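Take a look at the structure set out below.
The values are calculated or read from the model by the stated rules, or taken from the named source; none is laboratory data. Keep in mind that what you see is a predicted model, and the values were worked out from it rather than measured. Reconstructed Cβ throughout: ideal geometry from the backbone, glycine too, with neighbour counts over all protein chains shown. To get the accessible areas, we keep the full protein, side chains included, count just its heavy atoms, and leave off ligands, DNA and RNA. Shrake-Rupley method; radii C 1.70, N 1.55, O 1.52, S 1.80 Å.
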Amino acid sequence: MLYPDLNAPIYLGTADNAAQGEPARATQQLSFEFIVLSILGFKILVGTPFVWQSQPSLAAVSEFQLLFDDPAVGPTLTSRPGLGSVNDYFLERESDTRLAKQLTLRPTSAFIAEQPGKSALNWQRYIGPQMRVEPRIDSVERLFRGLIVEDAEALSDGGSIRRLAEFGFGAKFSHRGRDLADYHMMSLADRSARNHFSRATVEDEILSADVTFGSIDKLLTRTTALYQLANGGAHNASLFTKPDISRAMRHQVDRPVIDRWSVSPMNPYLFAAVMNGIGVRQIAWIALSDIRIAQIVSTHNPLRSFAMYYREYLANRLFDWCAKNNLPTFAEAVRILRYELLFDEQWKWLEPVSKLPDRRFDSTIAGVVGGAFGAPFGLDPLRVGSAVRTIVDSSYKIIDGLGFMDTIRLRALLRRYLSEVGLV
C-alpha cells in the first residue's frame, strides 16, 4: 500500500461504465463520492469520456453541475489538451472514432460505448455545451498502450493478461495452447501500436481467439484495471475505484489505488462510516443540495474543520499502522476512529454541560449556515475565495490535541451543525 498524498487529486474510476452496476444505484454512489470527497477537501477528477459513455455518470454530473462549474468547490471534468468545453470534446471524439473500423464485441460488453463510431449519449438534455473541462497532463491512450504491452509480456504476475491468456488457452497442457497464447499476445501488442486503441480493441482481439468464457471475463477486468491506472497516471492522481477492479490491479503501481473498503483518508465511505457514529446516515449525504454543499465547502464551520482534522489524523495513524505492519480492517478502523476522534456514544450525555476553557475555540469551530461568512464580502457562497479556504484548511491544527471535555464540546457543536444542514 502506498502512503497517501493528501495534496494529490483523486481520479474517480467509479465513473467508468465498465465498473458500474444498476444505473440508479451507480448514480447515487457517484453522487455520494462527489459530495463527501468535496467536503474532505480533495480535488476530484472525472474523465469526460465517462460522461460520453455512462448514463449514471452523466446523470450524476448533471445533478451537481453547479459544483463542476466552480473548481474551488467541487469536482472537475478532464479532457484532452486544447479543449475548453464538453462540446469541444464530443465534437473531436465523434470525428476521430468515426475513422476506425467496427469491432466485434459481445452484446453485453461494457465497452460497446467505446466502439469506434459509437454515438455519445444524449448529453445535451442534461448538461450545457459550454460546461468547463480541464486538460489532463498526459495521454491516457499512450499510457494504456504501454501498460497493455507490458502486461502481454508479464510472466511473473499471475494476474497479467499474459498469464490469464495462457490459462484460457490451456498453455500449460499443450503446445497448441502455448502457440495460441504467444500469437494473440503478439497480435495485441501489434494492434496497440496502430490506429485507435481502447479496451474495445482488446475485447475484439480476445473474441477472435478460442478462450473460455470465464477467462474472457478475467482478462477484460484486468484490461479495465490497466485502463483506469492509465487514467490515474495521465492526471498524476490517486485512483478511487471499485473493489473488484482494485483486486485486478498490477502488483506494482505508481500511485495509491483506493476502493470503498480501503483504510485511507481518500476513502469517502470510511469517513461516512465514522460520521455514522454520531447519527449521519449515508443517504443523508446524497440528499444535500449543490448549494448546501458549496456552503459547507466554502465556509468556516465545524463539519469542514472536523473533516480537515480527520484527514490529517488518519494519515498519521496510517503511517504508524503501516510502520508496525498492523493495518486494521475497514470495520476495525471505523471503531478505532470513532473512539479516538469522537469518543463513544456513552459520553453523549456530557455534551450539554461540556465547556471549552476561556472560549478560545469559539471562533474556530462556530458554525456558519447559509453562506454567512461570505456575506460581508458581497460574494456568492460558491466564490468566497482563497482567504476562506485558507482559514478552513488550517483550522484542524487548532483543534489538534484537544482533551476529553474539549472533544465532547467539539462533538456537541458538530452535531448541532449537522442538524442545521440536514445531515442528522
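Order D5, D259, most accessible first, counting only protein heavy atoms with a 1.4 angstrom probe. Before the final figure, lay out each step's value.
Numbers: D5 65, D259 20 Å².
The residues order as D5, D259, largest area first.
Counting only heavy atoms of the protein chains, get the accessible area per residue of the stretch 48-92 (1.4 Å probe) and round it to a whole Å² value.
That works out to 26 Å² per residue.
How are the Cα pair distances of the stretch 164-271 distributed, in percent, across 5 Å bins from 0?
Calculated P(r), rounded to whole percents: 2, 12, 18, 19, 17, 13, 9, 6, 3, 1, 0.
Can you tell me the FRET efficiency between A72 and D254 if r is taken as the Cβ-Cβ distance and R0 is 35 Å, rounded to the nearest 0.05?
For A72 and D254, the calculated efficiency is 0.80.
Computed on alpha carbon atoms, what radius of gyration and Dmax characterise the stretch 102-227, expressed in Å?
16.5, 57
Report the extension gain between Y3 and D179 in nm, rounded to one decimal, defined as 0.36 nm multiplied by the number of residues separating them, less their alpha carbon distance. Mind dumping the intermediate values first?
Working: separation 176, 0.36 × 176 = 63.36 nm, distance 4.15 nm.
Residue separation times 0.36 nm, minus the Cα-Cα distance, leaves 59.2 nm.
List the trypsin sites (Lys or Arg not before Pro) in the stretch 56-154 that DSSP assigns to loop (not H, G, I, E or B) and whose Cβ has at most 15 other Cβ atoms within 10 Å. Which are they?
Working: sites: R93, R98, K101, K118, R125, R132, R136, R142, R145; in loops: R98, K101, K118, R136.
Answer by residue number: R98, K101.
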